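Chemist: Just dropping this structure here.
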Amino acid sequence: MAYFHDVSILRPCITGWHIRVKVLRMITVCINPRNALRLVLVDDKGFKIDCWINSEYAKHYAEFLKEDRWFSFTAFRVLENSDRVRLTNHHFRMSVFGTTVVLPADPPSTEPRDSFTPFSSIIDGTVDESVLIDLIGVLSDVGELVNVRTNPSDLTGFRLSFRIRGPCGNAIDGLVSGRSAMEFRKHYDLCTDISMDQRMLGLLTRG
């Protein structure tokens, strides 16, 4: 039986790490002339870490890796995470390079539980603003996708406003910019289309 290190103990001063993680997010980073890739990985204990894959290897891993699938990583670098806003609360990040070995892995017997930030911590201002968070709520008042730039082909100019409501009815206004606004609108439309199809199917079934 293979032994895997916990993501929580990864440190730059030690080599020979061997981890089994699930790919939670795959994020394309636009860097000319080729894109890089960033991953959010989670182990079976629920600990997350940011992983950077530079443009030299990004295309290969973008095709090989899949979100919600488990993989083992060996012979990678662990570096200080100096980002002003980090993807995870881990103080270090991983970096994949030429000799890194990534293989499909069997999932653990118990999947890690989702960890959502309490809605109240945003309302009362106690949330850690140096880390991106996962939040669950009800989307409402999703605006239209607009471009605030004079050049309509400038993707950085896209904006999309929305409101998200928590379990107690309190609400937070949000704004998405650039390519993220386009992705947000696409996924929102997809979800609402699926929801509409399910409601129509229910009406037809009852009818």
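Chemist: With an 8 Å Cα cut-off and a minimum separation of 6 or more residues, compute the relative contact order for the chain in percent.
Modeler: So the answer I get is 14 percent.
Chemist: Tilt of helix 178-206 relative to the longest C-alpha principal axis of the chain, in degrees (0 to 90, nearest 10)?
Modeler: It works out to around 60 degrees.
Chemist: Same structure again: If only Cα atoms are counted, what is the Rg of segment 137-198, and what is its Dmax, in Å?
Modeler: Just the Cα atoms of segment 137-198 yield Rg and Dmax of 13.1, 42 Å.
Chemist: Extending each Cα 7 Å along its Cβ direction at D106 and I31, get the distance between those two points in nm, one decimal.
Modeler: The answer from the label model is 3.7 nm.
Chemist: Return one whole number: the accessible area per residue of segment 7-104 in Å², for a 1.4 Å probe.
Modeler: Per residue, segment 7-104 has an accessible area of 54 Å².
Chemist: Leaving out ligands and nucleic acids, note down the accessible area per residue over segment 137-198 with a 1.4 angstrom probe, in whole Å².
Modeler: Heavy-atom accessible area per residue stands at 67 Å².
Chemist: Report in % the part of the accessible area of the chain that belongs to carbon and sulfur, leaving out ligands and nucleic acids; probe 1.4 Å.
Modeler: Taking all protein chains in place, the chain shows 55 percent carbon and sulfur surface.
Chemist: Need one number: convex hull volume per residue for the chain, Cα atoms only, in Å³.
Modeler: It is 188 Å³ per residue.
Chemist: Okay, helix-only estimate at 222 nm for the chain: each DSSP H run of n ≥ 4 adds -39500 (n - 2.57), divide by all residues, round to 500 deg cm²/dmol; what do you get?
Modeler: Mean residue ellipticity at 222 nm (helix-derived): -7000 deg cm²/dmol.
The values are calculated or read from the model by the stated rules, or taken from the named source; none is laboratory data. Since the model is a prediction, treat every value here as computed from it, not as a measurement. As a convention, Cβ positions derive from the backbone with ideal geometry for all residues, glycine included, and neighbour counts pool all protein chains shown. Just so you know, the surface numbers come from the protein's heavy atoms only, side chains and all, with ligands and any DNA or RNA stripped out. Shrake-Rupley method; radii C 1.70, N 1.55, O 1.52, S 1.80 Å.
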